[in-house]
Each structure stands twice: as structure tokens, then as C-alpha cells.
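Data first, discussion second: the structure below is written as C-alpha cells.
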Amino acid sequence: MDADRPGFDDALAAFADGVIGGGLSPQAAALITQAGLLHDRPHEALPLLELARAVAPRHPAPLISLYRFYFYGHQLAQARAVGEDALAIARTALGPNFGDEPPSDEAARHDAAVRFYLFTLKGLAYLNLRLGVLEDAHLLLHELRRLDPQDRVGGALLSHVLAHYEDGADSGMGDLPSAYPVRGWSGAGR
């Protein structure tokens, strides 16, 4: 992380606080809440979520809300686009040197900003898998494995699913053979 930039520690702390819901303006929070009450009317909820994002463009909460809106609405390409924006924002918050070396195991387990980044990588890998963009899924899982070698966010299972899928087995995302571990990168991916 780039602690040499003026105000970097404060910006990173604010982002990490935002990942767990802090620091969101009352206006953006109200828009997200109002959109949540309109779950049965997505055509009315979406403009509220987009407005919340415009009000708080660098805050993770509107992105998380938009991502969920699209994901649970089975609009996976749109969810992927929001996920890519979230990854870019997290990357900026973590600094230009983030990822040169994997974060510590402690950071992968407890640092909200690092975990947000890792979970976003995992989510994007999943979306690319579901959308059939397997090369991108591989790249994202490779990066996740590099940054999270202890598999603190559970990306290895997704890597096993991708390998299983590519081996010509069940083309759906159904049951894994019992030989696959539930946790860990051992034997995962290629």
C-alpha cells in the first residue's frame, strides 16, 4: 500500500469504513433504502440506485446495492460492469502498490478494504464463468490465488467448479464430485 501519499491513510480508512457501511451521506443512504422498498418495482428502484451512486460515486455502498440489484435480477452482464467499477475503486483506495506482494494473511482475514477487493475478484470470476467468458474467469481466479494463497475468501472452490466445467462435466453449476476439497487451492485451477 502507498502510505507515502498525503492523506492516503485517511482515504484508505474512509474506504474501509465505507465497505462496512460507514461514511455514506444521508441522501445516498435514503435513496438506497427507498430503492430497497421498491424491490417489486425494479423499474422504479433502479433510478434511485443510480442516483445514489451519482451522489456518492466513490463510496462502495451504492456499488454494492447496484451489484445486488443486477445480480438478483439475473442481469449478470450489468452486475459484472458494476463489479468492474467496484474493483477499480477498491484498487484506487488501496493504492498503486497494492498487489505487488500479496497482502498479509491478517489483512486477508480482517482488513475490510482488502477483503472487499478479494471478494470483488471472486464475484467477477463467478460472473465471467456464468457468462461463458472463461479466459477472464481464469485470469481473475489466478490473481485471487496469488493475492489470497490461504483462500480466506473461498475462491478455490470456484476454481474447482471452473476446472470441472472445462473438463466437460456437468455444464451447469451443479454438484461437485466428492473428491474436490471444500476449502483450499490444492489442485484447484490450471
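The values are calculated or read from the model by the stated rules, or taken from the named source; none is laboratory data. Only a predicted model underlies this, so the values are computations on that prediction, with no experimental measurement involved. Here Cβ is always computed from backbone atoms with ideal geometry, including for glycine, and neighbour counts include all displayed protein chains.
With respect to being part of a loop (DSSP other than H, G, I, E, B) and surrounded by fewer than 15 Cβ atoms within 10 Å (Cβ to Cβ), Glu135 falls outside the description.
How many residues are at pLDDT 80 or above and either assigned to a helix (DSSP H, G or I) or hydroxyl-bearing (Ser, Thr, Tyr) (or both) if we restrict to region 1-40?
The initial filter retains those residues of region 1-40 that are at pLDDT 80 or above, namely 23-40.
Now narrow it down to the ones that are either assigned to a helix (DSSP H, G or I) or hydroxyl-bearing (Ser, Thr, Tyr) (or both): 25-36.
Result for region 1-40: 12.
Across region 48-90, the qualifying residues are those that are part of a helix (DSSP H, G or I) and among the charged types (D, E, K, R), and the one among them that is farthest from the chain's Cα centre (by Cα) is Glu50. Selection of region 109-143 for residues being in contact with a Lys or Arg (Cβ under 6 Å, 6 or more places away or on another chain) and closer than 21 Å to His160 by Cα yields only Leu127.
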